[in-house]
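J.: Handing you a structure now.
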């Protein structure tokens with residue numbers, strides 16, 4: 001009986017081996033680890049820069065994703081009190097912070113307490129040097145003046161704006 005059982009078992013194994021050899025080989029589905037997944041997700045993020053003089057800046061984002069080398073933010077609102085005693089406000093739909101450079105995309109609007117307003121589709125902000133720049137079309141408004149251009153650089157510490165290919169419209173205040 002045991003010999004008969006062993007014979008059936010060997011026949012079954014040979015049958016399975018022949019079946020597997022005639023079929024297409026099984027492929028392992030290799031998925032790369034290059035798909036970037038956030039290490040941390042924060043909803044309703046608020047960040048405050050506090051010094052002895054008080055709160056220097058506030059950054060609020062609806063969602064923050066922290067990756068290994070950068071951060072992504074969504075629905076960003078930021079307030080900052082600069083050295084010129086002006087309050088800066090910055091709003092954008094999306095942003096990415098990498099190596100002290102903040103890249104902002106979609107509906108970027110910068111306003112200052114002296115009625116200066118700037119809007120563009122994409123803006124880069126160098127946090128270390130406090131320079132706001134863009135290589136996309138922009139609109140700059142101050143009181144009765146509107147300026148349109150293709151690219152700009154704004155030094156926030158000095159209050160100096162440099163722009164290329166600009167067109168300015170000045171409305172009479174009367």
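The values are calculated or read from the model by the stated rules, or taken from the named source; none is laboratory data. Fair warning: this is a prediction, and the values are worked out from it, not measured in the lab. Note that we place each Cβ from the backbone using ideal geometry, even for glycine, and neighbour counts take in every protein chain shown.
J.: So how many residues does the stretch 41-89 have that are within 23 Å of residue 118 (Cβ to Cβ) and outside any strand (DSSP E or B)?
T.: 5
J.: Considering only the stretch 138-155, state which residues are without any contact (Cβ under 8 Å) to a residue 24 or more places away in the chain and within 22 Å of residue 97 (Cα to Cα).
T.: Within the stretch 138-155, 151, 153 meet the criteria.
J.: Please enumerate the residues belonging to the stretch 82-116 that are surrounded by fewer than 15 Cβ atoms within 10 Å (Cβ to Cβ), over 17 Å from residue 57 (Cβ atoms) and modelled with pLDDT under 85.
T.: 114, 115
J.: How many of the residues in the stretch 123-135 are under 14 Å from residue 149 (Cβ atoms) and either in contact with a helix residue (DSSP H, G or I) (Cβ under 9 Å, 6 or more places away or on another chain) or not in a loop (DSSP other than H, G, I, E, B) (or both)?
T.: 4
J.: Next question, about the same structure. If we scan the stretch 89-105, do we find a residue that is within 12 Å of the chain's Cα centre (by Cα) and more than 20 Å from residue 46 (Cα to Cα)?
T.: For the stretch 89-105, residues within 12 Å of the chain's Cα centre (by Cα) and more than 20 Å from residue 46 (Cα to Cα): absent.
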